[in-house]
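Here's the structure, in structure tokens; my notes come after.
The values are calculated or read from the model by the stated rules, or taken from the named source; none is laboratory data. Values in this document were obtained by computation on a predicted structure and should not be read as measured data. Cβ: placed from backbone, ideal geometry, glycine included. Neighbour counts: every protein chain shown. Each accessible area value is taken on the protein alone, full model and side chains, heavy atoms only, with ligands, DNA and RNA left out. Shrake-Rupley method; radii C 1.70, N 1.55, O 1.52, S 1.80 Å.
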Amino acid sequence: MEDRSTTRSYRDRSAAVKRGLDVVVALTALLVTAPILAAVAVAVLIGLGRPVLFRQRRIGRYGREFTILKFRSMAGGSGAFSPGDDQARLTPLGRWLRATSLDELPSLWNILRGDMSLVGPRPFPTSYRDLYTAEQFRRHDVRPGLTGLAQVNGRNELDWAERFAYDLRYVDHWSLRLDARILARTAVAVLRRQGISAPGAATAHEFRGTVAERQVPATAGRGAR
């Protein structure tokens with residue numbers, strides 16, 4: 001019992017440190033990259049028009065929903081996910097923003113707000129909520145991240161089973177040391193522009209659920225709404 005209590009106390013302290021680092025790094029990055037943010041915003045405004053920011057509801061920790069912010073990288077469309085449609089809508093500017101990960105910079109605001117963390121499973125659209133199995137939904141036991149274990153092990157080149165396996169491995173084994181390793185590997189992956197697109201797609205393949213029986217209701221997850 002004492003060992004379990006000590007482990008829980010250690011993880012609680014680590015979680016507090018993790019959140020503190022998220023705030024400090026996100027705030028510093030927003031200040032340091034302010035000129036870049038402004039330049040990209042102008043480029044998107046000229047190249048794609050309004051809106052400059054892409055907003056979409058995503059599933060966060062414990063199933064709570066939040067609005068993720070990114071720079072827009074596609075021309076106007078129906079808004080529904082369609083790999084073929086994405087291929088047509090993704091502009092040269094958008095491809096460059098995705099390749100350099102500059103489209104992700106506004107998500108630093110989500111980290112500052114507490115919607116996201118620097119490291120964790122990537123947040124998926126709310127339309128995926130009813131497609132998870134109960135085991136897959138455990139990926140939401142931690143805050144979603146700007147980068148994560150799946151992102152440094154193939155990113156969009158992974159199939160969905162591999163993505164969930166990496167996400168759940170992170171949930172079960174996360175530590176500050178693991179976060180540091182993932183951040184270091186992320187820098188390398190961004191420079192090498194690895195895994196930006198799934199094979200045969202402009203972005204990623206759509207998740208259509210798993211053959212296994214789904215057990216997650218629409219309101220699953222503590223604090224879901």
Response to the item:
Pseudo-spin-label distance D159 to L176, built 7 Å along Cα→Cβ, given in nm, is 3.9 nm
Worksheet entry | Global form of the range 9-61, assessed from the alpha-carbon gyration tensor, a/c cut-off 1.5 | oblate
Worksheet item: Taking a point 7 angstrom from the Cα of R192 along the C-beta vector, which residues in the range 134-157 have backbone N less than 19 Å away?
Response: 147-157
Worksheet item: So how much accessible area does D172 have, in Å² to the nearest 10, using a 1.4 Å probe?
Response: 80 Å²
Item to complete: Quote the FRET efficiency, to the nearest 0.05, computed for A38 versus S127 with a Förster distance R0 of 30 Å and r equal to the Cβ-Cβ distance.
Response: 0.40
Discussion item. Given axes a ≥ b ≥ c from the Cα gyration tensor, I'd like to know whether the range 98-211 is rounded (a/c under 1.5), prolate (a/b larger than b/c) or oblate.
Written reply: rounded
Fill in: Packing rank of 98-111, 155-168, 25-38, where each peptide gets the mean count of other beta carbons within 10 Å, highest leading
98-111, 155-168, 25-38
Fill in: Inter-label distance for R57 and L30, nm, one decimal - labels placed 7 Å from Cα along Cα-to-Cβ
2.4 nm
Response to the item:
Checked the range 88-143 against the a/c 1.5 cut and the a/b vs b/c comparison, axes a ≥ b ≥ c from its Cα gyration tensor; verdict oblate
Discussion item. Could you compute how much accessible surface Y10 exposes when probed at 1.4 Å, giving the result in Å² to the nearest 10?
Written reply: 130 Å²
